[in-house]
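Q: This is the structure I have questions about; it appears just below.
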Amino acid sequence: MPLARPQPSDARVIAHVDMDCFYVQVEQRKQPTLRGHPTAVVQYNSWKGGGLIAVGYEARKYGVKRSMRGDEAKKVCPDIQLVQVPVARGKADLAVYRNAGSEVVSILSRKGRCERASIDEVYLDLTEAAEAMLAENPPDRLEAISEEALKSHVLGLHLDGASTRDCVRAWFLRSDADHRDKLLACGAIIVAELRHEVLKETEFTCSAGVAHNKMLAKLASGMNKPAQQTVVPLSSVEKLLESLPINKMKQLGGKLGTSLQVDLGVNTVGDLLQFSEEKLQERYGINTGTWLWNIARGICGEEVEGRILPKSHGSGKTFPGPQALKTVSSVQKWLNELCEELSERLLCDLEQNKRIARTLTLHASAYKLNDSESLKKFPSKSCPLRYGIAKIQEDALKLFHAGLREYIGIYHVRSKESKHEWAITGLSVSASKIVGIPSGTHSIMKYFHNLNQTSTTTSNDICTQDAASLSPSGLHLADPQIDTYEDEARTGHEMPTLYPVADETEVCKARGLAIPSLDLVLAIPNMHMKIMKQKDLKSGSENGLVSELTQSKMDFLGPGLKSEKQKKKIEKEKVTCFKKNKQPKAGTTLSNCSLGRNDIRNDAWSYKRDEIDPTVLNELPPEIQAEVRGWLHPRKRAKTVKKGCSIVQYFSSTADL
Ligand code: DCP
C-alpha cells in the first residue's frame, strides 16, 4: 500500500538534538584535565595506536579524523590525548557512554515527546509546548530572549547589513510572521533552554536542529556544531534541498543513493524534483518512489515515537585480520562473554525499567578460507530469548551452528576439515522485541536474578532444540529492527552488516517454537493481578478464592513456598471454587480476568499454549505442571486434565465454565 501522503501544512515543531563529540565529552568529564586539549577516543585495539572512534573539536582543527588510527592522529596533532574506550571481558565496554546518554535524555524529555534515536541523539516533538508558549507567552512578549536562542542559525534569514544577532532577534520578534514560523521560534527558544539545562546539569554540550519534521530537523542539527542550533523555516526548505548532496540525506548514503546518482543522474536532493512520483515508483517501488518524491519537497510524515529506552540491546566484537576466529571453541568462548554482558544488561533493564526482551539474535561476519571470491554473508539467526546466562549462551551457540550450517553447507561443517574453511571476523548477540512487564509482577525480579546466577539448561528445552535442528532455511533471519541505539548503531565498525529479514516471531509461532520461559512465569502473576481486580469488584466471593489460589502459583517464584498442608487446603478450596463458580454479576468486568481455553490472553500479554517453554514447567508445582503439559500437548489433554480442577478451567471465561 502506498505511503500516506504527509501534509506539508502540518505545522509540527520537531527538534533533533545531537551530543557533540560524545565519547570525548564523556571522557573529558571523567578527566577534567583533558578539557580544552585536542582529544580523541580510541578503540582498545592497539594496532597502529588503535582506531579513532570519536574526535574532539580541538583535535578536528588539526585535521584529525575518525577514520584515522592513533599513530596517524599523532602525526597531524602531536599534542593529541588518546583515551582508550573502557574494556571489559576483552571488549569495549560502552556502559559509561550509555549511562551518560541516559542522563541527557532524561533532561531533554522534559518538554515533549522524546525519541531516543541513538546513544547520543534524540528527536523531540515540541509542538504542544510551542503552541502553549505561543498562546501564553509568545516571543514578542518575553522580557528577554535567551542568549542561547539568539545565537540560533535561522536558515534563509536576510541579514540586511545588520548584525546576525539583531536579525535573529528581529526574526524571533516578528509579529507579522507566518504562524508556522512563530511556532518554530517558540521551539527554538525551548530547545535553547533544554540545551542550557543539559550543559548545567551534565556539563555536556549538544547541537540541535528545529524544523517542521524529523528529516529537516536531523539535517539541521549537524549544520552548525558544536554547541549551536539551526532553525529551518518552511520558506528555506527548497533552497536547502536544492544544493544538498544526495548522500547527505539519511538513508541515501548507500545503494539507493548510488543508484540515484548513477542511473538517474541525481546529485542533489533538489534534482529529484524533475521526476514524477510515478516515474520514481516505477523505478524504486511504490513506497520508496513516494518517499523520494516527498523528500525532494522536504516532506516527511514520520512521527516522533515516545521512546526513551532502547528498542534492543546488543553486545558485539570484531576479530580483524589475524584475530579472526577459526574454531567453534574460540567462537563459543567469545559468545559466552558477549552473552554474559547481554544477560547483565537484560537484567538491568528488567530491574530498572521493568522490561523483558523476547528475541535473541546472533549476527556474524565471516569469510571462507580458500574462497576469496565468495560474497555470501553469514546469515543472522534468531530464536525466542530465554533468561539466564547459561540459557542465552547455549541458545546463541545453537544459533551460530545453524548459521554456520547455512553459510558453509552442512556437508562441510560435518567434515573434519571444516575448521579450516571459515573464519569469523565479527560476532554479536542482540536482544529485541522488548516489552514492558505489567505492574504487579515486579516481585519476581529477584527470582530472575537468582535464575541468572544458577540457570542450567534442561533436556526439555524445545526452544533451542528446534533452533538447532531446523533446516538452515528454517531458522529465521535477523531482526530488521535491530536499530538499537546501543552497540550496533554506534559500532558499525564492529558489526557492519545487519541483514534485512523476516519477522522471526511469526516464524517461531508457525513452527510452534517456545516463547521464553519468562513469559509463562510472568503470565501467572499477571493472571493473578487480573483476578485480584475481580476480587476488588466482588469482595469475599468465590473470586477471592481464585485470587488466593493464584497467589499459591506465584509462590514457586520466591523462597516462601507454601507448606504441603497449605497447598492441600488451597487445592480443596480450588475445587470448591469451581463448584461455586457462577456467571458474573452485571456490571463487573470479568472479561478482564477471563482467559479462553486455547489462549491465555490479557491486555498486556498474549500467550498461546503452544508457545509456552516447557523448561519452566519443572519449576511449577506438580499439579500445575501436569495441567500446563496438557495445554502443550492438546491431544493428550483428555488424559492429563481432569475436569473441574484444571487451571485451564480455572482461568476460563465464565461462558466456558
Ligand atoms: N561512535 C563509534 N563508532 C563510530 C561512530 C561513532 O563508536 N563509527 C561513537 C563515538 C561517538 C558517538 O558514537 O562519540 C556518537 O557518534 P556521532 O556520529 O554522533 O559523532 P560524535 O558525537 O563523536 O561527533 P559529532 O559532534 O560530529 O556528532
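The values are calculated or read from the model by the stated rules, or taken from the named source; none is laboratory data. All of these numbers come straight from a predicted model, not from anything done at the bench. Every residue, glycine as well, gets a Cβ built from its backbone with ideal geometry; the counts of neighbours run over all protein chains shown. What goes into the accessible areas is simple: the full protein's heavy atoms, side chains included, and nothing from ligands, DNA or RNA. Shrake-Rupley method; radii C 1.70, N 1.55, O 1.52, S 1.80 Å.
Q: Using a cut-off of 11 Å between beta-carbons, work out the net charge of the residues near GLY403 (Lys and Arg +1, Asp and Glu -1, GLY403 not included).
A: Combined, the nearby Lys, Arg, Asp and Glu give +3.
Q: Residues with beta-carbon under 10 Å from that of LEU309, excluding LEU309: net charge, scoring Lys, Arg +1 and Asp, Glu -1?
A: Charge balance near LEU309 sits at +3.
Q: Can you list the GluC sites (Glu not before Pro) in the range 252-351 that are in a DSSP coil and have 15 or fewer other beta carbons within 10 angstrom?
A: Qualifying residues, ordered by number: GLU302, GLU303, GLU305.
Q: May I ask you to derive the FRET efficiency for ARG141 and MET223 from their Cβ-Cβ distance with R0 = 25 Å, giving the value to the nearest 0.05?
A: Once rounded, the FRET efficiency stands at 0.25.
Q: Can you give me the Cα centroid spacing of the range 207-269 and the range 131-149 in angstrom?
A: Taking the Cα centre of the range 131-149 as reference, the centre of the range 207-269 is 28 Å away.
Q: Ordered by packing density, taken as the mean number of other Cβ atoms within 10 Å over each peptide's residues, highest first, how do 97-110, 26-39, 393-406 rank?
A: 393-406, 97-110, 26-39
Q: Using a simple spin-label model with points 7 Å from Cα along the Cα→Cβ vector, what separation in nm is obtained for LYS248 and GLN31?
A: Rounded to a tenth, the inter-label distance reads 3.5 nm.
Q: Still on this structure, I have one more. Could you point to the residue in PRO322, LEU350, ALA402 farthest towards the positive end of the range 313-436's charge dipole, with +1 and -1 charges on the Cβ of Lys/Arg and Asp/Glu respectively?
A: ALA402
Q: Then there's this: Students often get this wrong, so check it: of LYS30/LYS200; LYS61/LYS91; LYS368/LYS398; LYS30/LYS354, which have C-alpha atoms separated by over 26 Å?
A: LYS61/LYS91; LYS30/LYS354
Q: Ranked from the most accessible area to the least, with a 1.4 Å probe and all protein chains present, what is the order of ARG345, ARG69?
A: ARG69, ARG345
Q: In the range 174-220, what GluC sites (Glu not before Pro) fall in a loop by DSSP, with at most 15 other Cβ atoms inside 10 Å?
A: Filter output for the range 174-220: GLU203.
Q: For an R0 of 60 angstrom, estimate the FRET efficiency from the Cβ-Cβ distance between TYR367 and THR164 and round to the nearest 0.05.
A: 0.65
Q: Here's another thing I want to ask about it. Largest first, what is the accessible-area ranking of LYS61, LYS200, LYS376 with a 1.4 Å probe?
A: Ranked list, largest accessible area first: LYS61, LYS200, LYS376.
Q: Okay, next question. For a protection proxy built on the mean count of beta-carbon atoms within 10 angstrom, sort 216-227, 421-432 highest first, please.
A: 421-432, 216-227
Q: List, largest first, the extents of the alpha carbons of the range 70-161 along their principal axes, each in whole Å.
A: 56, 38, 23
Q: Provide Rg and Dmax in Å for the range 222-280, with only Cα atoms included in the calculation.
A: 13.2, 42
Q: Also, quick follow-up: Using all Cα-Cα distances in the range 313-436, what percent lands in each 10 angstrom bin from 0 up to the longest?
A: 14, 45, 28, 11, 2
Q: When a/c reaches 1.5 or more, the comparison of a/b and b/c decides; with that in mind, is the range 205-359 rounded, prolate or oblate per its Cα gyration tensor?
A: Judged from the Cα gyration tensor, the range 205-359 comes out prolate (a/c at least 1.5, a/b above b/c).
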